[in-house]
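Visitor: One structure coming up, written as structure tokens, with questions to follow.
The values are calculated or read from the model by the stated rules, or taken from the named source; none is laboratory data. In this text the structure is predicted, and so the values were computed from the model without any measurement. Please note: Cβ atoms are built from the backbone with ideal geometry, for glycine as well, and neighbour counts cover all protein chains shown.
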Amino acid sequence: MDDTIIALATAVGEASIHVIRLSGMGARDIVEKFFRPKNLKRWDSKENFTLHLGIFLDKNNISDQVLVGRMLAPGSYTGEDVYEINCHGGPLITQNILESCLKAGARLAQPGEFSKRAFLNGKMDLIQAEAVVDLISARTNNAAKLAFTQLNGKLSDKISNLRGKLLDILAFIEAGIDFPEDDVEDLDRISLEKNIEDALQSVEKLITDSKTGKILCEGLKTIIVGKPNVGKSSLLNAILKEDRAIVTNIPGTTRDEIRESIIFAGILMQLVDTAGIRASEDLIEQMGIDRTWRALENADLILLVVEAGCPLESDDIRIIQNYGSRVIVVANKIDLLDQPLLIEPLNGEAWIPLSVTYYKGFDCLEQEIKTRVFSGDLNCLNEPLLSNVRQISALEKSGKVLSDASQALENGFPWDIISIDIRKALQYVSEVTGDNVQEDLLETIFSRFCIGK
Amino acid sequence: MDLDEYFAGKYEVIVVGAGHAGCEAALAAARMGCDTLLITLNLDTVAHMPCNPSLGGPAKGHLIREIDALGGQMAIAGDETSIQVRMLNMGKGPAVQALRIQSDKNAYRNSMLNAILAQPGLTLLQALVERLVTKGGKVCGVVTRTGAKFESESVVLTSGTYLKGKIIIGAAKYEGGPNGQMPSVSLSDELKEMGIELGRFKSGTPPRIHCRNVDFKKFFIQPGDTKIRKLSFMPIKSKFWQDKAEKQIPCWLGYTTCDTHEIIRQNLYRAPMYSGEIKGIGPRYCPSIEDKVVRFAQRDSHQIFLEPEGWESEEFYVAGLSTSMPEEVQIEILRSIPGLERAIMLRPGYAIEYDYVKPYQLSLGLEVRKYPGLFTAGQLNGTSGYEEAAAQGLIAGINAARRVKELDFLIIRRSEGYMGVLLDDLINKGIKEPYRLLTSRAEYRLILRQDNADLRLTEKGREIGLVDDYRWQHFQEKVQKLNKLRKSWGTTILSPQQEDLQLVLQEINSTPLRTGIKIGELLRRPEISLAKIRGILPDLGDYSEEVLEEAEIEIKYTGYIQKQLAEIDRFGKLEEKKLSAEIDYAQIRGLSTEGKLRLAEVQPGNIGQASRITGVSPADISVLLVYLEQKRRTVQNV
């Protein structure tokens, strides 16, 4: 329990301010690596229960103004040194801060881990123990595996592929070590070096890809369409005005057709301005215009607004039939219906019953957008996206130990030493896929090499 | 059936079976001062090697060193009767180097038998144990087939592959133990009746041939090492070659051919492995030749080794040719191998199926948890290999004695020895095939080296009363020397004015010295080794090769060693959080269903062990930690 844990204390992507919490003996050292307090004297005074204004300069030299709260052991929530970084709520900023701290030695907290520490350190009474247990066990047994299967197919292939490479390298070394008199080819340092280099490149590529993931950097290109008077503008205004949606200005954006960048459902969205999605209510009438159709063609997500209970117009049907899984049909004005809405999808589109007036159904809309983005249904991920900080962190650690292996090899260290780093690299990648290392290693050895003297 | 039983005697510890596990168990218990009885089916097969005539190799050699460090017998018997020694994995690093020796089977048996006969407090008896005596849920004796009833406080079962043993050679099958011995049927039923869960495994052995007609010119000679190393930390010479390396006996390497494989394919329908005759699960690391030909169909040759069964033995073991094909096919297979065209088969290879005790029912001290006083060890627990058996036998014998003395069990942790890895894997991970120890199963491999087994374990052996004065003194001398050398290398500074040193550095492309440097620091340079700079160092004649090697390894790999030690330290804390056997896991809120089941099955002794049980998730461990704290506070409040 002496490692330092970290987690986003606020819900992902859904607030204007995020709080990142660290707890553990190393918390102060980690924060100090990046935090430049405005009042250094006060920070150095080690005064307890204080808030400090300053700049957080992350590993990419991107800075954000933050407030850091300090609560020292044993009086803090967990009974350990706790630091809370209050930062602005953009996903890039929070992700950068999290990653910086992880790189500096913090470990992502498991579900319920802050509470667990609080309880174990005597900061919570017995009555609360059950609640702590609930928090912990809410996690599924193989959360890693589940998260992995939810990744976009291309990405999970790439990670599985990387894992296969590492497994092969390790199996080769271990077969030679454990069965020295069997028919296992002799180890050769040059090809091993090549293989490690190759694996290292895969890791680095995966990490870079994950950072340039289109959604994180550019946002989800979204268009809102629908015939007049179905409530497009009010939907848009509701989204824009909603507390949880923040209008941002992403510097360096060059796309001229972009009207608004907002964060909705925790995802950066680019609302595409075609023929005036806000001003003009007669978009459908102009559907013949090439420009509009081109915009639909290029959109990652189409929110097709219709009036609940009314039959679909031919243009609506045409959009659904052409763009299927990219379409979410927002059936507005359900408050006017006497009976539940009957939903019969035509072409893989989703239907969300909603009332803009009474602000109902937005949760479902958010959830649907998240599901579509992260399950890879939306064909917007040209390059794989690794949005999960835990997964990125595991890959980064894997890359680090692979470099160590490379270095050890260069220094002429023997196989048993090199295997230590390679095994670690394999373990980190296996954390992403949720697989077992030991069993798979033996399976690989016995299937690849004819063992049995 | 209605045999009159008679009271035949009372002992403190009874060991059933005198194979590699039984011998270590009995010797350990007796050496720890317990009045011990060792019962075997046949006095002529004490410590018999029914399979290959060799000991050691990666992980197995490590185990033997650990057995020796704790005061066991296997290394001594091995060194005494070796006909060839070979250090394997020489170029692959200090953690995985391991000694493998060829032993004279008969001499090995005699050496072990003599140790047993000479051991005060140990009685040997030939008999077949049919049943265990239990009283109040505790095992307290055994009854033999002839009605002799022996009482004891602990019983160690080491009955190997004898439980419901079934030999299979082609279509021929009969009840039997290994090597023409009789099986033990009633004991297996007895265990089942007691509610102990058994499984069924399969193992096998290759044919043996007479050397008379072998054309050795068609084989590649595999000689012993010129630099002699020993299994034991004690100075023991082979009675055969007396440390004269050139007198060692070689092994021979040859290859199967396309013809061999064709014969096997033609006769596959007669192979019990493929006809469905064999139901027990065999080990993946020790496949039969028919299995290899089927699974690696693209290969047109597999290697085989001819290994002499003894110093002057005419009988050779054909390693790599394990099979249960019909006898006449075995002869055909043998004769298709270049050099064996006229080979005479002395004994056919065979497969053996046998019952084993599923090891999750044991504690880490190898006691059957349901029956205090009953210990099981060796192949009976589903392992394979002489060394794995001996290591378990030693631990079971020690703990059987400690049970008598009402002391806590000796438990070797994964970070302390391969023995710990072996037992921890067996009990917590569960086994699906006969378990063989591998160095890749050890997460702290760099710490568990064969060179430092004594540094890791001899003090423990002394504490429990297994290490005698002679070994203890020998060990302490080594430690003193080692400490002296460590200190010297950590303080002695080499001067840049030392010309011969600069010259050596230049020769091996190492940066010349500008300021003084400690010997230890210089040795840490990747391109430097002790061998390269030994000539220019102050005289090292005072130190044995063993001590020099040890000190060099510690220095060269210090970074990696420190990292592993830190990990051990981190995980070690979980081992200190004890879990009592009374915990009802089904009642703990928040545990996963599988976690509950597995925890109840294995009943781990502490959180560390719990975390290694297959099916117990990290979330389950967190729940357990909260549970323990809850309980601690509830007790406090009362």
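Visitor: Looking at segment B:384-421, which of its residues are more than 20 Å from B:ALA75 (Cα to Cα) and part of a loop (DSSP other than H, G, I, E, B)?
Guide: So in segment B:384-421, the residues more than 20 Å from B:ALA75 (Cα to Cα) come out as B:399-411, B:413-415.
B:LYS405, B:GLU406, B:LEU407, B:ASP408, B:PHE409, B:LEU410, B:ILE411, B:ARG413, B:ARG414, B:SER415 - these are the residues of segment B:384-421 that are more than 20 Å from B:ALA75 (Cα to Cα) and part of a loop (DSSP other than H, G, I, E, B).
Visitor: Okay, next question. Mind listing whichever residues of segment A:311-362 are on the phi > 0 side of the Ramachandran plot and exposed (fewer than 14 other Cβ atoms within 10 Å of the Cβ)? Lay out the reasoning, then the answer.
Guide: Narrowing segment A:311-362 to residues on the phi > 0 side of the Ramachandran plot: A:324, A:333, A:348, A:359, A:361.
Passing the criteria: A:GLY348, A:TYR359.
Visitor: Right, B:THR458: of a type in the set (Ser, Thr, Tyr) and more than 29 Å from B:PHE409 (Cα to Cα) or not? Write out each step before concluding.
Guide: Numbers: of a type in the set (Ser, Thr, Tyr): yes; more than 29 Å from B:PHE409 (Cα to Cα): no.
The answer is no for B:THR458.
Visitor: Something else about it: Please indicate, with yes or no, whether at least one residue in segment B:317-326 is assigned by TED's automatic domain parsing to the domain that holds B:PRO178, under 25 Å from B:PRO272 (Cβ atoms) and under 25 Å from the mean Cα position of the chain (by Cα). Explain how you work it out, then say what you get.
Guide: Filtering segment B:317-326 down to residues assigned by TED's automatic domain parsing to the domain that holds B:PRO178 leaves none.
Within segment B:317-326 (the criterion being assigned by TED's automatic domain parsing to the domain that holds B:PRO178, under 25 Å from B:PRO272 (Cβ atoms) and under 25 Å from the mean Cα position of the chain (by Cα)), the answer is no, since none of the residues qualifies.
Visitor: Then there's this: Pairs needed: first member in segment A:160-184, within 14 Å of A:SER447 (Cα to Cα); second member anywhere, of a type in the set (Asp, Glu); C-beta distance under 7 Å; at least 6 residues apart or different chains.
Guide: Pairs found: A:LEU167/A:ASP440.
Visitor: Looking only at segment B:453-508, count how many residues are closer than 30 Å to B:ASP408 by Cα, of a type in the set (Ser, Thr, Tyr) and outside the structural domain of B:ALA29 (by TED's automatic domain parsing).
Guide: 1
Visitor: Determine which member of the set B:ASP355, B:ASP425 is among the acidic types (Asp, Glu), surrounded by fewer than 23 Cβ atoms within 10 Å (Cβ to Cβ) and either assigned to a strand (DSSP E or B) or assigned by TED's automatic domain parsing to the domain that holds B:TYR11 (or both).
Guide: Working: B:ASP355 fails: surrounded by fewer than 23 Cβ atoms within 10 Å (Cβ to Cβ).
Among B:ASP355, B:ASP425, only B:ASP425 is among the acidic types (Asp, Glu), surrounded by fewer than 23 Cβ atoms within 10 Å (Cβ to Cβ) and either assigned to a strand (DSSP E or B) or assigned by TED's automatic domain parsing to the domain that holds B:TYR11 (or both).
Visitor: Would you confirm whether any residue within segment B:556-564 is more than 14 Å from B:ILE427 (Cβ to Cβ), under 25 Å from the mean Cα position of the chain (by Cα) and either among the hydroxyl-bearing types (Ser, Thr, Tyr) or modelled with pLDDT of 90 or more (or both)? Reasoning before the result, please.
Guide: Filtering segment B:556-564 for residues more than 14 Å from B:ILE427 (Cβ to Cβ) gives B:556-564.
Adding the requirement that they be under 25 Å from the mean Cα position of the chain (by Cα) leaves B:561, B:564.
Among the residues that remain, those that are also either among the hydroxyl-bearing types (Ser, Thr, Tyr) or modelled with pLDDT of 90 or more (or both) are: B:561, B:564.
Looking for residues that are more than 14 Å from B:ILE427 (Cβ to Cβ), under 25 Å from the mean Cα position of the chain (by Cα) and either among the hydroxyl-bearing types (Ser, Thr, Tyr) or modelled with pLDDT of 90 or more (or both), one finds at least one in segment B:556-564, hence yes.
Visitor: Name the single residue, out of those in segment B:89-141 being over 30 Å from B:LYS237 (Cα atoms) and of a type in the set (D, E, K, R), that is farthest from the other protein chains (Cβ to nearest Cβ).
Guide: The residue in question is B:LYS135.
Visitor: Still on this structure: Could you check segment A:122-135 and list, in sequence order, the residues that are within 9 Å of another protein chain (Cβ to nearest Cβ) and of a type outside the set (A, V, I, L, M, F, W, C)?
Guide: Passing the criteria: A:GLY122, A:ASP125, A:GLU130, A:ASP134.
Condition check ((1) in the same structural domain as B:ILE333 (by TED's automatic domain parsing); (2) in contact with a Leu (Cβ under 9 Å, 6 or more places away or on another chain); (3) at pLDDT below 95; (4) among the acidic types (Asp, Glu)) across all residues:
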{"position": "B:THR161", "(1), (2), (3), (4)": "no, yes, yes, no"}
{"position": "B:LYS164", "(1), (2), (3), (4)": "no, yes, yes, no"}
{"position": "B:PRO183", "(1), (2), (3), (4)": "no, yes, yes, no"}
{"position": "B:GLU190", "(1), (2), (3), (4)": "no, yes, yes, yes"}
{"position": "B:LEU198", "(1), (2), (3), (4)": "no, yes, no, no"}
{"position": "B:ASN213", "(1), (2), (3), (4)": "yes, yes, yes, no"}
{"position": "B:PHE233", "(1), (2), (3), (4)": "yes, no, no, no"}
{"position": "B:ASP243", "(1), (2), (3), (4)": "yes, no, yes, yes"}
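Residues checked against (1) in a helix (DSSP H, G or I); (2) among the β-branched types (Val, Ile, Thr); (3) surrounded by fewer than 24 Cβ atoms within 10 Å (Cβ to Cβ):
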site	(1), (2), (3)
B:PHE7	no, no, yes
B:ALA18	no, no, no
B:LEU38	no, no, no
B:HIS48	no, no, yes
B:ARG65	yes, no, no
B:GLY72	no, no, no
B:ILE76	yes, yes, yes
B:GLN102	no, no, no
B:ALA107	yes, no, yes
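Yes/no per residue for (1) among the β-branched types (Val, Ile, Thr); (2) under 28 Å from the mean Cα position of the chain (by Cα); (3) surrounded by 14 or more Cβ atoms within 10 Å (Cβ to Cβ):
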{"position": "B:LEU231", "(1), (2), (3)": "no, yes, yes"}
{"position": "B:PRO235", "(1), (2), (3)": "no, yes, no"}
{"position": "B:TRP241", "(1), (2), (3)": "no, yes, yes"}
{"position": "B:LEU253", "(1), (2), (3)": "no, yes, yes"}
{"position": "B:THR256", "(1), (2), (3)": "yes, no, yes"}
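Visitor: Out of B:GLU521, B:GLU463, B:GLU576, B:GLU549, report the one residue that is within 26 Å of B:PRO94 (Cα to Cα) and under 31 Å from the mean Cα position of the chain (by Cα).
Guide: Details: B:GLU521 fails: under 31 Å from the mean Cα position of the chain (by Cα); B:GLU463 fails: within 26 Å of B:PRO94 (Cα to Cα); B:GLU576 fails: within 26 Å of B:PRO94 (Cα to Cα).
Step by step, each of B:GLU521, B:GLU463, B:GLU576, B:GLU549 is checked, and only B:GLU549 is within 26 Å of B:PRO94 (Cα to Cα) and under 31 Å from the mean Cα position of the chain (by Cα).
Visitor: Still on this structure, please answer the following. Do we find a residue being small (Gly, Ala, Ser), surrounded by 13 or more Cβ atoms within 10 Å (Cβ to Cβ) and part of a helix (DSSP H, G or I) anywhere in segment B:497-510? So that I can check it myself, show each step before the final result.
Guide: Of the residues in segment B:497-510, the ones small (Gly, Ala, Ser) are B:510.
Those still in the list that are surrounded by 13 or more Cβ atoms within 10 Å (Cβ to Cβ) too: B:510.
Filter once more, so that each one left must be part of a helix (DSSP H, G or I): none.
Checked against the condition, which is being small (Gly, Ala, Ser), surrounded by 13 or more Cβ atoms within 10 Å (Cβ to Cβ) and part of a helix (DSSP H, G or I), segment B:497-510 yields no hits at all.
Visitor: Right, here's the next one. Sort through B:LEU125, B:LEU163, B:LEU117, B:LEU157 and tell me the only one that's farther than 17 Å from B:PRO53 by Cα and under 20 Å from the mean Cα position of the chain (by Cα). Before the answer, list the steps.
Guide: Numbers: B:LEU125 fails: under 20 Å from the mean Cα position of the chain (by Cα); B:LEU163 fails: under 20 Å from the mean Cα position of the chain (by Cα); B:LEU117 fails: under 20 Å from the mean Cα position of the chain (by Cα).
None of the others qualify; the one that does is B:LEU157.
Visitor: Another question about this same structure. Considering only helices (runs of 4 or more DSSP H) fully contained in segment B:535-622, which possess at least 2 residues that are polar (S, T, N, Q) and within 22 Å of B:ARG525 (Cβ to Cβ)?
Guide: On the way: elements: B:545-556, B:558-575, B:593-602, B:607-611.
Answer list for segment B:535-622: B:558-575.
Visitor: Could you figure out which of (1) more than 14 Å from chain B (Cβ to nearest Cβ); (2) farther than 17 Å from A:THR4 by Cβ; (3) assigned to a helix (DSSP H, G or I) isn't true of A:GLU47?
Guide: (3)
Visitor: Among the residues of segment B:313-322, count how many are within 11 Å of chain A (Cβ to nearest Cβ) and in a loop (DSSP other than H, G, I, E, B).
Guide: 3
Visitor: Within segment B:581-623, which residues are hydrophobic (A, V, I, L, M, F, W, C) and either facing chain A (nearest Cβ under 10 Å) or in contact with a Lys or Arg (Cβ under 6 Å, 6 or more places away or on another chain) (or both)?
Guide: Pass one, segment B:581-623, residues hydrophobic (A, V, I, L, M, F, W, C): B:581, B:583, B:586, B:588, B:591, B:597, B:599-600, B:602, B:607, B:610, B:613, B:616, B:619, B:621, B:623.
B:ALA586, B:ILE588, B:LEU591, B:ILE607, B:ILE613, B:VAL616, B:ALA619, B:ILE621, B:VAL623, listed by residue number.
Visitor: Then there's this: Tell me yes or no: at least one residue of segment B:536-559 is within 13 Å of chain A (Cβ to nearest Cβ), small (Gly, Ala, Ser) and either within 30 Å of B:LEU482 (Cβ to Cβ) or touching a residue at least 60 places away in the same chain (Cβ under 8 Å) (or both).
Guide: yes
Visitor: For segment A:21-56, enumerate the residues that are surrounded by 17 or more Cβ atoms within 10 Å (Cβ to Cβ), hydrophobic (A, V, I, L, M, F, W, C) and within 17 Å of A:ALA73 (Cα to Cα).
Guide: Residues satisfying the conditions are A:LEU22, A:ALA27, A:ILE30, A:VAL31, A:TRP43.
Visitor: Still on this model: Counting only residues that are in a loop (DSSP other than H, G, I, E, B), more than 9 Å from chain A (Cβ to nearest Cβ) and touching a Ser or Thr at 6+ places or on another chain (Cβ under 8 Å), how many does segment B:284-300 have?
Guide: The initial filter retains those residues of segment B:284-300 that are in a loop (DSSP other than H, G, I, E, B), namely B:284-288, B:296-300.
Checking the rest, the ones that are also more than 9 Å from chain A (Cβ to nearest Cβ) come to B:297-298, B:300.
With the extra rule that they be touching a Ser or Thr at 6+ places or on another chain (Cβ under 8 Å), the set shrinks to B:300.
Of the residues in segment B:284-300, 1 are in a loop (DSSP other than H, G, I, E, B), more than 9 Å from chain A (Cβ to nearest Cβ) and touching a Ser or Thr at 6+ places or on another chain (Cβ under 8 Å).
Visitor: Give segment B:486-503 a look and list any residue that's hydrophobic (A, V, I, L, M, F, W, C) and closer than 18 Å to B:LEU540 by Cα, or say none.
Guide: Within segment B:486-503, the first condition is being hydrophobic (A, V, I, L, M, F, W, C), and the residues that meet it are B:489, B:493-494, B:501, B:503.
The answer is B:TRP489, B:ILE493, B:LEU494, B:LEU501.
Visitor: In segment B:425-454, how many are free of Cβ contacts under 8 Å to residues at least 60 places away in the same chain and among the hydrophobic types (A, V, I, L, M, F, W, C)?
Guide: Number satisfying all stated conditions: 0.
Visitor: Find all pairs meeting these conditions: Cβ atoms under 7 angstrom apart; at least six residues apart or on different chains; first residue within segment B:50-74 and more than 14 Å from chain A (Cβ to nearest Cβ) and within 16 Å of B:HIS474 (Cβ to Cβ); second residue among the β-branched types (Val, Ile, Thr) and assigned to a loop (DSSP other than H, G, I, E, B).
Guide: Between residues of segment B:50-74 that are more than 14 Å from chain A (Cβ to nearest Cβ) and within 16 Å of B:HIS474 (Cβ to Cβ) and residues that are among the β-branched types (Val, Ile, Thr) and assigned to a loop (DSSP other than H, G, I, E, B), the close pairs are B:GLY71/B:VAL467.
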